[in-house]
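One structure below.
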Amino acid sequence: MELLRFSVFWCGTILFGSILLEEAESSRVKIRKLCKFCDERATNCTGKRTCKVDCEITAICPDVQDVCVTIWRKTANNTTFDTVCHNPAQRLHDLALEDYNNSKCEMKEVVGMGSQFFICSCSEEECNENIFFPSAKEAQVVAVIMVSLVPLLVVAVVVVTFFYFYRVCRQRKARSKCKRGPPLDFSDAHAIMTDEEGSDSSSTHANNLNHNTELLPIELDVLVGKGRFAEVYKAKLKQGSSSSGGEQAFETVAVKIFSYEEYASWKNEKEIFSDADLRHDNVLHFLTAEERKVQRQYWLITAFHPRGNLQEYLIHHVIDWHDLWVLGSSLAAGVAHLHSDHTTCGRYKVALAHRDIKSSNILVKSDLTCCLCDFGLALRLDNSLSVEELANSGQVGTARYMAPEVLESRINLENIESFKQADVYSMALVLWEMISRCSAIGEVKEYEPPFGNLRENPCVESMKDSVLRDRGRPEIPDSWISHTGIQMVCASIVECWDHDPEARVTAQCVAERFYDMEYLDKLSECSDSEEKIPEEISAVDEK
Ligand code: ADE
């Protein structure tokens, strides 16, 4: 009972309160406005800045909806103010009042009224007494800003457009300069792996890991190379069993040995090599990968090339124009094959970036063609690239051969072409090394690596000083370009080491240009021909 009485009391109180509130609300709405109300009066107001209307009458507007309105008009004879109350639901002088909710009366000019005509409306008490004209100064300031900004904007747009087209043109030029020569024929590429001979490479992932518990019968011979992660040995791969006490037949192979700690590097290189589509005359032929548990080692078994790496070869040999052509064209063809996303038969293949192209990572085959090796840092440029792989791929390789954008760690990770462009830069330095040891340039100096003025293994910081700050590149003396072929290769080199990665030509383009120069090579072969390139005649081949 107590509870019932308590509830009835509170319900009543709440109901009464809300009725009072409603009444107060409606009485507030119903208050009519006080406005200046003199109808038409002459005035001295010039229609600039602010004016006070000359009206001593303040009226309570007749209608609760009414707002205060002032009109200023100037004809040839007089200037007047109209001050009135007006219901904004109705038009006034055939005009709708748009600004009547304002607290101040801010004049707006209306054209086509037969005179200079300004009108304002507002809702505060007597708000149509002080009126505000749009400031001519403000309008002027806006006009001045506009006038000075527009030309600036136009200039900015022109500059940006020019820059954009300049870049597009450079890129197009770089591409179009590469006129299509004869298609490169890589059809004679074949594997040394007898178990895969004749395969049409239809499987993109021929995993060559030797899964047999029985390891290949390999006998290590001499150490032929030492890298960051592994050592390379010349080795004997025994073939079958020895016949009646005679010498056992063997094939010479190279064995790259990684310690257990370098598993990641072995795994990456093994996975890169396991792609059958990588197989190419200008890419080191891969035999198999093994885990040698007893020695706690990982092995990669590949073809062996007795001439060793290109750097060693250039240190000990002066080459002639023909050698340069063979070495250079095969290098470009190898890099082009890595970078390509299709095989010679047109089938899709995963493009690769080598990311550590340098003369010591290129082997010289017995026919003097190059083959690329050391794929420990190579990157598959496909969708399988993980975010982590991409994030870690900013700055890898050898500082001396790093492209400017790699030195700066500003490689565009979103565009796979950027990795190829960085390879092309490194390839240009290798081509330069070849020319520096070519008799066709005249006097040939001792071998020097690119940026040979720097210490043995320059760090990224000193390379940044040379390549970025000083925009330095290896020197191409005038004497070099007196030979037509060398001149053409130098032109490609300069395009390949352009500071702007996008402006660089592709490796495919460089390979095609070499093929277009084949006639120069043929000319140099005719030693007694009239057309023989003069430098070739006097060249001393130290080979
Ligand atoms: N140095 C590194 N790899 C080699 C190979 N496969 N053949 C010869 N020398 C090498």
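Looking across the range 310-340 at every residue that is assigned to a loop (DSSP other than H, G, I, E, B) and in contact with a Lys or Arg (Cβ under 6 Å, 6 or more places away or on another chain), the one that is least open to solvent (accessible area, probe 1.4 Å) is identified as V318.
Within the set V253, V232, the sole residue that is within 15 Å of the ligand (Cβ to nearest atom), assigned to a strand (DSSP E or B) and either of a type in the set (G, A, S) or open to solvent by less than 20 Å² (accessible area, probe 1.4 Å) (or both) turns out to be V253. Among the residues making up the range 502-523, those that are of a type outside the set (K, R), modelled with pLDDT of 65 or more and open to solvent by less than 30 Å² (accessible area, probe 1.4 Å) are A503, V505, A507, C509, V510, A511, E512, F514, M517, L520.
The set of residues in the range 276-309 that are β-branched (V, I, T), more than 9 Å from the ligand (Cβ to nearest atom) and either outside any loop (DSSP other than H, G, I, E, B) or modelled with pLDDT of 95 or more (or both) comprises V283, T288, I301. Considering the range 376-392, and only residues there that are modelled with pLDDT under 75 and part of a loop (DSSP other than H, G, I, E, B), the residue that is most open to solvent (accessible area, probe 1.4 Å) turns out to be N383.
Of all the listed residues (A332, A378), the sole one being of a type outside the set (V, I, T), away from the ligand (no atom under 11 Å from the Cβ) and in contact with a strand residue (DSSP E or B) (Cβ under 6 Å, 6 or more places away or on another chain) is A378. Of the set (1) within 24 Å of I57 (Cβ to Cβ); (2) touching a Leu at 6+ places or on another chain (Cβ under 8 Å), all apply to N128 but (2).
Conditions (1) within 15 Å of the ligand (Cβ to nearest atom); (2) of a type in the set (D, E), marked per residue:
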| position | (1), (2) |
| --- | --- |
| A336 | no, no |
| K349 | no, no |
| S360 | yes, no |
| D367 | yes, yes |
| N383 | no, no |
| M402 | no, no |
| R410 | no, no |
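Could you list, in sequence order, the residues of the range 84-127 that are outside any loop (DSSP other than H, G, I, E, B) and open to solvent by 60 Å² or more (accessible area, probe 1.4 Å)? Scanning the range 84-127 gives E106, K108, E109, Q116.
Selection over the range 114-133 of residues that are over 12 Å from N101 (Cα atoms) and not charged (D, E, K, R) gives a count of 11. Considering only residues in the range 469-493 that are free of Cβ contacts under 8 Å to residues at least 40 places away in the same chain and in a helix (DSSP H, G or I), the one that is surrounded by the fewest Cβ atoms within 10 Å (Cβ to Cβ) turns out to be D478. Based on what the data block shows, is A303 among the hydrophobic types (A, V, I, L, M, F, W, C) and within 31 Å of the chain's Cα centre (by Cα)? Criteria not met by A303. Checked against the criterion of being within 15 Å of the ligand (Cβ to nearest atom), under 30 Å from Q508 (Cα atoms) and in a strand (DSSP E or B), the range 258-268 has no qualifying residue. Checked against the criterion of being surrounded by fewer than 18 Cβ atoms within 10 Å (Cβ to Cβ) and of a type outside the set (D, E, K, R), the candidates F81, F132 yield just one match: F132.
The values are calculated or read from the model by the stated rules, or taken from the named source; none is laboratory data. Not measured: the values here are computed from a predicted model. All Cβ positions, glycine included, derive from the backbone under ideal geometry; neighbour counts span all protein chains shown. In case anyone asks, the SASA skips ligands and DNA or RNA and just uses the protein heavy atoms, side chains included. Shrake-Rupley method; radii C 1.70, N 1.55, O 1.52, S 1.80 Å.
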